[in-house]
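Single-structure report; data block below.
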Amino acid sequence: GTRMVAIVKDLFDKNQDRMHLDCVFSILSNNCALMLEDMMGAESPTRRLVDEYTAVTDGDGNVTYTLSKEEVEFSAYLRDEGYSIIPVSAEEQLEYACNVVNLGNSSILSCHAATARKICRSPHFSGTMEYLDYSAITAMYGALHCSTQIVKRVTKKGE
């Protein structure tokens, strides 16, 4: 299991262009994230809210998850968790700026050149960046994160 689970809720916006979390947000490292600037702040009409559930272990070793935070504005939640946020404009978001792939250890693939440069220039990002021309896929309303699946395989003994 995991220590906690955060559920990001879209209660106000419900727009097709921003309905998937990977279209408005992405984790770049243990302390840095990308986020659509327009949805940041408690007064934003497109804000997202977070419910957090924390693992609780009983005397028998059974784990259950208990609501520990409720309806916290998303960018405030991330900052409270120690994340710096690199903002993405609405125009960039529509061009899949947030839709990156983190290969681990802050090794990022991006299909949006301007945002790739913005990430690299940020004092909060210390990973590596690779820009890929993904126009054949973005023309079909998808991007890197939408069209990939990260798999970690562990070799079993004897193989």
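Listed values, structure above:
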| read-out | value |
| --- | --- |
| Selection from the range 6-58 of residues that are in contact (Cβ under 8 Å) with a residue 40 or more places away in the chain, of a type in the set (Phe, Trp, Tyr) and over 24 Å from His112 (Cα atoms) | Tyr53 |
| Yes/no for Ile150 being modelled with pLDDT under 90, within 24 Å of His20 (Cα to Cα), in contact with a Ser or Thr (Cβ under 6 Å, 6 or more places away or on another chain) and not hydroxyl-bearing (Ser, Thr, Tyr) | no |
| Strands (runs of 3 or more DSSP E) within the range 1-50 that include 3 or more residues within 15 Å of Ser75 (Cα to Cα) and open to solvent by less than 40 Å² (accessible area, probe 1.4 Å) | 25-29, 32-36 |
| Helices (runs of 4 or more DSSP H) within the range 57-157 that include 1 or more residues within 25 Å of Ile7 (Cβ to Cβ), open to solvent by 60 Å² or more (accessible area, probe 1.4 Å) and acidic (Asp, Glu) | 74-80 |
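The values are calculated or read from the model by the stated rules, or taken from the named source; none is laboratory data. Just so you know, these numbers come straight off a predicted model, no measurement behind them. Backbone-built Cβ (ideal geometry, glycine too); neighbour counts: all protein chains shown. Side chains are part of the model used for accessible areas, which takes the heavy atoms of the whole protein and leaves out ligands, DNA and RNA. Shrake-Rupley method; radii C 1.70, N 1.55, O 1.52, S 1.80 Å.
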